[in-house]
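Here is the structure we will look at, set down as structure tokens.
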Amino acid sequence: MSVRALWIISHEKGEHLSLRFAKRFATVEHRAKILAGSSYTAVPEDNTVLQLLLTELGLSEPDKPFVALRDDCLYRQRSPALELRVDSPGKGMLWPVLAISHGPITLACLPLVDAPAEPRPALASLLSVSQGLTLLAGLQTFLLGSGSKPDSEVLASRLAMLPSVLLQVCPLGTPLDVPLPGAPSTPTVPTPAENQKQPAWKTGLHRGRAAVNVALIETVRSMQYGNRSRQDLWDVYGTVTCKCEVEGVLPNVMVTLTLPPNGSPLQDILVHPCVTSLDSSILTASSVDNFDGSAFSGPYKFPFSPPLEPFRLCSYTSQVPVPPILGSYQLKEEETQLRVSVTLKLHESVKNSFEYCEAHLPFFNRDQFGVVDVKVSSGQLDVSKEKNLLVWGLGQKFPKSREVTMEGKISFSGPTPGPTDPLCTELTAYIKLYFKVPDMTLSGCSVDQHSVQVYSSSKQRIITSRELQSKEYFIWNSTGSAPVSSGQMML
């Protein structure tokens, strides 16, 4: 996999949008021209690319919500793989332009696609997309560090270091690794103590106790409406992160993910550039295509030569039959009060052991709380009158029935208005769930000590873990209106 060009855009709030960094790789562009033949589209000037990207991302004219070439349903894009239409005699297109935004910067790159332009290959079949996104994510971490918004001097200094960093991690446009956060511009490479050959792109050796740590985290999102006219939505997104700490040169490692016999195949798999080989059938399963049951269902083997820092080995999505917690939320207006009725039920397939589990019920566009007369069948209820927020702490376990309820009335007679939200007017309201379940995944995907192989003569301590956590887990009031998506939830 190679990259034709790389761009970094700064868009600090209230400041002018600017192109902070641009890099083109002439040798890769020459290969792209040979591969594409008559359908070749040259990469235009950086200012042109900047305008095309800003328009596609909706940053150029925020007061103009509809742009026909971007928002028409015939040209609906599947972010983060964008299609830029270049004004040229042949009306060429640049695809796939990968872009990720976080904090004050947007990073974008144009990977080389080693496949015919027509028919256009599926994104899931292109390893260059997976590795391009991983490169962008690594550069993003390098520039922003652990926070989302470093001060301007730190960002400027790291941008100044970027050309030398790219020489290490992406020589001649071919990604070999991701940069270390805050890495020096001129690394030193110690001489290996053993006879093993160290790859030139690894910047040092580990000193300390030998260990390999593999963590599997699944994140579940949900939009539940409690209304037959609206389809409930949920999805599962999983990541596998690794950290290898071995004395001397890091050995090759293989991690194997397994599914239960009745588990749904993993989809939309993206891998780190350090993965040395991969069964092509692993990349073919996509959530965009209709699932026919014939997709590869494991075991999923990922052999790799690890970098020194912790890294994300792979990510995936999974289709599961039901969300972990089913909810019902009813909010009714009764004169000057609201009647609240909530039911939450933990699905039988989910382990009843939480690290934490909370339900937040915000009330917008009303006066501050007056009298709150609400009872819960389990857990503890905290009332924040300043924020018009009920926080229902469910603790670490549901009761044996796996069902909890909340009933009561709320009046609004505070001296000052409460918080506002343009969406949640009248009876449009929601519950947002926050929870984490250790030692389980919703898809059934697992990794244990026996599924991690380290090809080294010395012994290593292998540590594995897995957990399920929530993100954007909403239960909407079934008696009011709610935002409804017409398709799948997008990652």
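The values are calculated or read from the model by the stated rules, or taken from the named source; none is laboratory data. On a predicted model such as this, the values are computed, not experimentally measured, just so you know. Positions of Cβ are backbone-derived with ideal geometry, glycine not excepted, and every protein chain shown enters the neighbour counts. Accessible surface is based on the protein model in full, side chains and every heavy atom, while ligands, DNA and RNA are left aside. Shrake-Rupley method; radii C 1.70, N 1.55, O 1.52, S 1.80 Å.
Side notes on the structure shown:
- The range 325-438, accessible surface, carbon-and-sulfur percent (1.4 angstrom probe): 48
- Cα pair distances of the range 422-488 binned at 10 Å [whole percent]: 15, 27, 22, 16, 11, 7, 1
- The slack between Asp367 and Asp382, meaning 0.36 nm per residue of separation minus the straight C-alpha distance, is 3.6 nm.
- Each residue of the range 45-59 was assigned a 3J(HN,Hα) from its phi angle through the Karplus curve 6.51 cos²θ - 1.76 cosθ + 1.60 (θ = phi - 60°); the sequence is 4, 4, 5, 5, 4, 4, 5, 5, 5, 4, 5, 5, 8, x, 9 Hz, with glycine and proline shown as x.
- For a label point 7 Å along the Cα-to-beta-carbon line of Ser281, residues of the range 251-267 with backbone N under 14 Å: 265-266
- Solvent-accessible area per residue, Å², over the range 220-286 with all protein chains present [probe radius 1.4 Å]: 39
- Close amide H contacts of Arg4 (hydrogens built in the peptide plane, cut-off under 5 Å, sequence separation of 5 or more or a different chain): Leu110, Leu112.
- With R₀ fixed at 22 Å, the C-beta to C-beta distance from Met254 to Lys436 puts the FRET efficiency at about 0.15.
- What the phi angles of the range 459-468 give under the Karplus curve with 6.51, -1.76 and 1.60, with θ = phi - 60°, is a coupling list of 8, 10, 8, 9, 10, 10, 8, 8, 7, 10 Hz, glycine and proline written as x.
- Gained length - Lys471 relative to Glu118, 0.36 nm times residue gap less alpha-carbon distance: 123.3 nm
- Extension gain for Glu355 to Ala156 (0.36 nm times residue separation, less C-alpha to C-alpha distance): 67.7 nm.
- Given Lys387/Lys409; Lys397/Lys459; Lys351/Lys471; Lys351/Lys459, the pairs whose alpha carbons are separated by over 28 Å: Lys397/Lys459; Lys351/Lys459
- In the context of the full set of protein chains, the range 325-438 has a per residue accessible area of 52 Å² (1.4 Å probe).
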